[in-house]
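The values are calculated or read from the model by the stated rules, or taken from the named source; none is laboratory data. Please read these numbers as outputs of a predicted model, since none were measured by experiment. For neighbour counting, all protein chains shown are included, and Cβ atoms are generated from backbone atoms with ideal geometry for every residue, glycine included.
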Amino acid sequence: MLLWFAGTALIAMWFTFRDPAIDHRLIIVGALLPDAVDVFLGKTNLMHTLVAPILLLMGLMICTIGRRQFRRHALAVPIGMFWHLVFDGAWMNTETFWRPFTGATSGTTNIPIADREVLLIVGMEIIGLALLIWSWQLMGMNQPERRRLFMRSGRIDRDLINPRTRG
């Protein structure tokens, strides 16, 4: 599923953080990363656990000491991974989500998408498409200068985030 995770992550970022400086493109990458890795591996592994985004977040914090700009940019990936866990319902599979704390040593369960009916997956993708269209409007992507800003940096125009700053 691509559209579901991209759409839910963008809308969740819009309504939760409203951060014009975060790279929303990397939010999408982070939201798609767990399924991309685990589909490649064939089973849920580290990527559908709570430990994965936490380890990445900690690693980024340590590796980017003194590099504030790069840190701010890169932190979007683990944030996107957290959104994936939320919108995948990964937290409903206790054994996988809390691994290694549950004592499970390896990924023995299917990735969440493998357990869903095709009609449900299609419905979720349609909802994801609708959310992407909505985010296109919310983020002003119909205006070329805002679209260029987003494509170049992943950022959203500050005037859309904080309307009080408009002159």
Which residues, taken from region 55-87, are over 12 Å from the mean Cα position of the chain (by Cα) and touching a residue at least 40 places away in the same chain (Cβ under 8 Å)?
72, 73, 74
Test: residue in region 39-47 that is surrounded by fewer than 21 Cβ atoms within 10 Å (Cβ to Cβ), within 17 Å of the chain's Cα centre (by Cα) and over 26 Å from residue 158 (Cβ atoms)
yes
Single residue of 16, 105 found to be at pLDDT below 95 and either of a type in the set (Gly, Ala, Ser) or farther than 28 Å from residue 157 by Cα (or both)
105
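Hey, among 131, 138, which residue is at pLDDT below 95 and either over 19 Å from residue 15 (Cα atoms) or of a type in the set (A, V, I, L, M) (or both)?
Matching residue, one of 131, 138: 138.
Each row is one residue, and each column tells you yes or no for (1) of a type in the set (D, E, K, R); (2) within 27 Å of residue 132 (Cβ to Cβ); (3) surrounded by 22 or more Cβ atoms within 10 Å (Cβ to Cβ).
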{"residue": "13", "(1), (2), (3)": "no, yes, yes"}
{"residue": "22", "(1), (2), (3)": "no, yes, no"}
{"residue": "37", "(1), (2), (3)": "no, yes, no"}
{"residue": "51", "(1), (2), (3)": "no, no, no"}
{"residue": "64", "(1), (2), (3)": "no, no, no"}
{"residue": "69", "(1), (2), (3)": "no, no, no"}
{"residue": "80", "(1), (2), (3)": "no, yes, yes"}
{"residue": "84", "(1), (2), (3)": "no, yes, yes"}
Condition first: of a type in the set (Lys, Arg) and free of Cβ contacts under 8 Å to residues at least 12 places away in the same chain. Now tell me which residues in region 115-149 satisfy that.
116, 147, 148
Only one of these is touching a residue at least 24 places away in the same chain (Cβ under 8 Å) and in contact with a Leu (Cβ under 7 Å, 6 or more places away or on another chain): 52, 90. Name it.
52
Can you tell me which residue in region 16-49 is nearest to residue 90 (Cα to Cα), limited to those that are touching a residue at least 12 places away in the same chain (Cβ under 8 Å) and of a type in the set (S, T, N, Q)?
49
